[in-house]
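The block underneath contains the structure these notes are about, expressed in structure tokens.
The values are calculated or read from the model by the stated rules, or taken from the named source; none is laboratory data. Since this is a predicted model, take the numbers as computed values, not measurements. Heads up, the Cβs are rebuilt from the backbone with ideal geometry, glycines too, and the neighbour counts pull from every protein chain shown. The accessibility values were calculated without ligands, DNA or RNA, using every heavy atom of the protein model including side chains. Shrake-Rupley method; radii C 1.70, N 1.55, O 1.52, S 1.80 Å.
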Amino acid sequence: MGKGFFYFNRSQRIGILVLLSLIVIAFALTIIIPILFKNKEAKIDTDFLREVAAFKSSLKEKERKFGKENNFYPFQNSYKTDKKETKYELFKFNPNKVDSATFVRLGIKPYVAKNIIRYRNKGGFFKTVESFSKVYGISAEKFQELKPYIVLEEIQQKEDITSVQKNDSTQRTKLTYIVKKDTILDLNSADTLNLQMIKGIGRGIAKNIVNYRNRLGGFCNVEQLKEVYGINEEVYEKIKSSFITETPKIEKIDVNKASVERLKSHPYIKTFQRAVVIYEYRRKKIRLNNISQLKHLEEFTADDWKKLEPYLSFK
């Protein structure tokens with residue numbers, strides 16, 4: 001190949017030498033340039049970062065001095081997350097009677113309030129203050145906060161249990177059963193166990209009575225037992241003498257504040273249409289002072305208003 005080089009004419013040889021020279025120079029530059037500029041760039045980057053850090057430090061110092069002198073921290077406040085605190089109030093309440101809206105006012109979450117109402121509708125009953133702490137969704141801290149405000153009616157539980165021994169020719173066994181005797185109960189405080197002590201009342205009817213009492217807000221008179229599902233005229237005649245309502249404790253509906261849902265939940269209003277009629281009339285009147293202002297509503301009869309009157313409040 002070396003000899004072949006000389007077969008090119010003079011101009012061709014010069015062109016080849018120039019091309020080779022350029023290749024060598026380019027290769028050399030790819031090695032030399034990074035070495036020359038590396039330290040310079042590093043120096044420039046270091047200086048720039050140092051200047052940025054100094055600038056940030058001066059801003060923080062100015063902010064600190066400004067806040068100290070004026071008791072104000074604009075930059076710091078801008079990073080705070082604005083969380084809305086849920087407002088609620090604490091007051092005395094009976095968990096066996098109040099509605100879901102009242103539970104929410106006490107700071108109980110809506111889904112927990114619904115669980116409580118569902119539990120009561122199935123015949124559940126809070127016998128002690130501590131039993132309220134077992135409600136799913138109520139933390140120990142929340143229970144301790146509510147505990148001083150929980151008011152339960154004192155329920156005197158009476159159990160007549162008679163043990164009977166039954167002798168058999170082949171084996172001797174002991175049979176224990178409950179003998180239901182005549183007794184007098186307060187219809188507004190008796191729980192399902194108390195109610196089952198009355199002749200003619202089984203477990204199902206006892207739950208229905210408690211459930212209906214919670215929906216009513218309390219019984220005004222014994223005759224209202226006829227409205228309970230499962231109690232016909234015959235059963236009523238058998239059990240009516242076993243109950244009293246001397247001091248009825250009625251949970252009233254504040255007509256001027258109650259929602260459509262709250263109005264509808266009462267057995268004597270019952271339908272959505274009736275609840276809306278009261279709600280809309282109240283909204284137009286702004287404030288109602290007594291039941292007579294509602295008696296012109298065609299959706300209700302005179303007998304309906306007579307039943308409702310003890311359960312309505314006009315605060």
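Brief remarks follow.
- Of all residues in region 208-239, those that are open to solvent by 60 Å² or more (accessible area, probe 1.4 Å), under 22 Å from Tyr311 (Cα atoms) and either touching an Asp or Glu at 6+ places or on another chain (Cβ under 6 Å) or not aromatic (Phe, Trp, Tyr) (or both) total 5.
- Contacts under 8 angstrom Cβ, first residue in region 270-296 being part of a helix (DSSP H, G or I), partner open to solvent by 70 Å² or more (accessible area, probe 1.4 Å) and basic (Lys, Arg), 6 or more apart: Phe272/Lys264; Arg274/Lys264; Ala275/Lys264; Gln293/Lys285
- In region 254-280, residue surrounded by the most Cβ atoms within 10 Å (Cβ to Cβ) [restricted to those that are within 16 Å of Tyr311 (Cα to Cα) and among the polar types (S, T, N, Q)]: Ser265
- Condition met for Ala28 (modelled with pLDDT of 85 or more, in a helix (DSSP H, G or I) and open to solvent by less than 60 Å² (accessible area, probe 1.4 Å)): no
- Meets criteria (among the acidic types (Asp, Glu), assigned to a helix (DSSP H, G or I) and open to solvent by 10 Å² or more (accessible area, probe 1.4 Å)) for Glu251: no
- The single condition among (1) modelled with pLDDT of 90 or more; (2) among the acidic types (Asp, Glu); (3) out of contact with any Phe, Trp or Tyr (no Cβ under 8 Å at 6 or more places or on another chain) that Glu246 does not satisfy is (1).
- Qualifying residue in region 290-312 (condition: open to solvent by 50 Å² or more (accessible area, probe 1.4 Å), under 30 Å from Gly202 (Cβ atoms) and either touching a Pro at 6+ places or on another chain (Cβ under 8 Å) or at pLDDT 90 or above (or both)): yes
- Region 1-16, subset exposed (fewer than 10 other Cβ atoms within 10 Å of the Cβ) and at pLDDT 70 or above, residue nearest to the chain's Cα centre (by Cα): Ser11
- Inside region 95-139, residues that are open to solvent by 50 Å² or more (accessible area, probe 1.4 Å) and either free of Cβ contacts under 8 Å to residues at least 60 places away in the same chain or among the small types (Gly, Ala, Ser) (or both) make up a count of 15.
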